[in-house]
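The values are calculated or read from the model by the stated rules, or taken from the named source; none is laboratory data. Given the structure is predicted, the values throughout are model-derived calculations rather than measurements. Don't worry about glycine lacking a Cβ; one is built from the backbone with ideal geometry, like all the others, and counts go over all protein chains shown.
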Amino acid sequence: MINAYYQLSRFNFDKGIISKGRKRTSRSFVKAFIDLLYLKMYSGMFMSVTDTAGAVIANNYGFYLPLFHCNASFGGQYNMNYLNSYGNYYTQKTLGSDYGIMVGTGTAAVITTDDNLQTLIQHGTSSGKLQYLGCMIPGDVTISAPNASFNIERLFLNSSGGDVTINEIGIYAAYFTSIYCIIRDLVSPAVTVANNEYLKVTYTIQVSV
Amino acid sequence: MRDSLTLYYQLIKKDSKGNIIKKYKKYKARSFVRQFIEFYLVQYGFIDATQMPYTIRDTSNTTQTISMAGNFWNFWTSNTGGLSAPVSNTNYGSVVGSADTAVTINDYALATKIAHGTSAGQLQYSVETFGAPTTDAAGSSWIAVRVFTNGSGNDVTIKEIGLILYNQYPATYYFLFARDVLASPVTLANGETVTLNYTFLTAI
């Protein structure tokens with residue numbers, strides 16, 4: 001089976017780690033995840049999947065494209081430019097803050113068909129916002145029998161001048177021209193990030209025999 | 001603890017007329033193996049072989065460098081790959097074997113895969129078929145289905161099952177994603193079939 005876990009930690013450069021949250025089980029791969037996994041395994045299949053903008057996107061490219069891409073760059077930077085077979089860059093411009101690990105303030109219970117965080121915290125430095133830094137996979141797959149796992153991490157910096165409270169987190173995955181919410185979790189108790197503090201969100205994806 | 005993504009399998013044995021002889025219990029598959037999570041990492045990270053090669057061990061016990069970036073336009077209309085195995089193909093899709101070696105996280109192949117055919121000890125592999133995702137309040141799921149027919153003239157016993165992925169870029173590789181040893185071996189008499197249903201399920 002596969003399990004996902006998440007952990008939220010707060011730190012700043014003066015005090016170091018302020019709090020290291022418990023590693024919790026992520027409850028909630030949502031519908032788009034199982035849909036995209038199906039597309040990946042059933043090559044050539046057409047299927048419509050609802051993206052984070054609420055648009056129903058018909059897909060059939062599953063086998064050749066990364067369905068779960070989340071290596072987003074710094075929030076304000078465009079990325080997702082890559083070469084096609086003819087040597088041309090595919091210029092799908094997507095902001096780094098549009099995908100990867102995302103955070104929000106919503107408290108609505110998770111349901112199977114969630115295709116978004118309820119209330120996404122925007123990238124920025126004004127009130128209620130956080131700066132989305134890069135989302136990365138910091139290491140290789142770790143094998144520790146009977147488990148194999150890897151981490152996905154993202155840092156957020158609060159430069160808003162006030163507190164920002166996190167109630168929900170998730171992963172938005174970029175696939176071709178669209179972005180899909182594949183995981184959503186409620187954070188309870190909520191985590192409040194003070195001004196000038198960093199928040200690190202780590203998701204661990206693990207298989208076990 | 002409830003799993004984030006659970007794989008279940010169920011076997012249904014039928015006689016030559018299609019009558020159900022036995023519907024086995026639906027078991028939780030214990031055993032996604034390391035290649036699944038490694039392939040997954042490539043997916044999440046959009047790994048580019050030219051910039052950050054990533055190697056995964058294939059079913060022939062050879063480490064292969066794979067990439068998801070770049071040359072995809074040539075292939076998008078293909079209807080093979082993934083688990084979509086055609087009839088008689090034992091390289092990928094759902095597969096069955098005759099050994100009961102314990103599963104480990106490092107397994108890269110079935111211990112003893114049963115070949116396609118009608119000779120002694122062989123089974124006939126059908127095309128892999130799929131049930132589209134369904135969603136309700138509890139979660140989402142889809143299934144992969146394959147039928148194995150015994151035309152060998154003798155009994156054939158299945159002790160292990162697995163899922164093998166067909167990777168088409170940058171070259172053809174096969175990666176074992178899951179392997180399970182059956183709690184009770186399933187013996188097929190000549191003319192009997194067994195249907196193997198794999199269910200991928202996420203639950204809220």
| List pairs: first in segment B:176-204 and away from every other protein chain (no Cβ under 14 Å), second buried (at least 19 other Cβ atoms within 10 Å of the Cβ) and assigned to a loop (DSSP other than H, G, I, E, B), Cβ under 6 Å, 6+ apart or cross-chain? | B:Leu188/B:Asn150; B:Asn190/B:Asn150; B:Glu192/B:Asn150
| What strands (runs of 3 or more DSSP E) completely inside segment A:130-209 contain at least 1 residues that are more than 25 Å from B:Arg30 (Cα to Cα) and modelled with pLDDT under 90? | A:131-136, A:164-175, A:178-193
| field | Meets criteria (in contact with a Ser or Thr (Cβ under 7 Å, 6 or more places away or on another chain) and crowded, with 19+ Cβ neighbours inside 10 Å) for A:Ile121 | value | yes
| query | Is it true that B:Asn154 is modelled with pLDDT under 90 and either within 7 Å of chain A (Cβ to nearest Cβ) or under 16 Å from B:Val194 (Cβ atoms) (or both)? | reply | no
| field | Selection from segment B:130-146 of residues that are crowded, with 18+ Cβ neighbours inside 10 Å and either more than 22 Å from B:Val33 (Cα to Cα) or facing another protein chain (nearest Cβ under 10 Å) (or both) | value | B:Pro133, B:Gly139, B:Ser140, B:Ser141, B:Trp142, B:Ile143, B:Ala144
| task | May I ask you to list the residues in segment B:1-19 that are within 14 Å of another protein chain (Cβ to nearest Cβ) and either modelled with pLDDT of 95 or more or within 30 Å of B:Asp155 (Cβ to Cβ) (or both)? | result | B:Leu7, B:Tyr8, B:Tyr9
| request: Residue by residue through segment B:144-178, note down the ones that are basic (Lys, Arg) and either more than 12 Å from B:Ile114 (Cβ to Cβ) or under 14 Å from the mean Cα position of the chain (by Cα) (or both). | output: B:Arg146
| query | Residues of segment B:92-103 being surrounded by 14 or more Cβ atoms within 10 Å (Cβ to Cβ) and either away from chain A (no Cβ under 14 Å) or within 16 Å of the chain's Cα centre (by Cα) (or both), which ones? | reply | B:Tyr92, B:Gly93, B:Ser94, B:Val95, B:Val96, B:Gly97, B:Ser98, B:Asp100, B:Val103
| task | Report yes if A:Ala4 is at the interface with chain B (Cβ under 7 Å from one of its Cβ atoms), outside any loop (DSSP other than H, G, I, E, B) and touching a strand residue (DSSP E or B) at 6+ places or on another chain (Cβ under 9 Å), otherwise no. | result | yes
| note | Scanning segment A:26-50 for residues that are farther than 18 Å from B:Leu7 by Cα and surrounded by fewer than 21 Cβ atoms within 10 Å (Cβ to Cβ), the one nearest to the other protein chains (Cβ to nearest Cβ) turns out to be A:Gly44
| query | Any residue at all in segment B:113-123 that is hydroxyl-bearing (Ser, Thr, Tyr) and either surrounded by 22 or more Cβ atoms within 10 Å (Cβ to Cβ) or closer than 22 Å to B:Lys23 by Cβ (or both)? | reply | no
| query | Taking into account only those residues within segment A:192-209 that are among the hydrophobic types (A, V, I, L, M, F, W, C) and more than 17 Å from the chain's Cα centre (by Cα), which is nearest to B:Gly162 (Cα to Cα)? | reply | A:Val209
| request: Considering each of A:Thr112, A:Thr107 in turn, give the residue that is within 14 Å of chain B (Cβ to nearest Cβ), under 27 Å from B:Ala138 (Cα atoms) and part of a loop (DSSP other than H, G, I, E, B). | output: A:Thr112
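For every residue, the table says whether it meets (1) within 14 Å of chain B (Cβ to nearest Cβ); (2) surrounded by 18 or more Cβ atoms within 10 Å (Cβ to Cβ); (3) of a type outside the set (Ser, Thr, Tyr).
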site: A:Ser149; (1), (2), (3): yes, yes, no
site: A:Glu153; (1), (2), (3): yes, yes, yes
site: A:Gly170; (1), (2), (3): yes, yes, yes
site: A:Thr177; (1), (2), (3): yes, no, no
site: A:Tyr180; (1), (2), (3): yes, yes, no
site: A:Ile183; (1), (2), (3): yes, yes, yes
site: A:Tyr198; (1), (2), (3): no, yes, no
site: A:Val201; (1), (2), (3): no, yes, yes
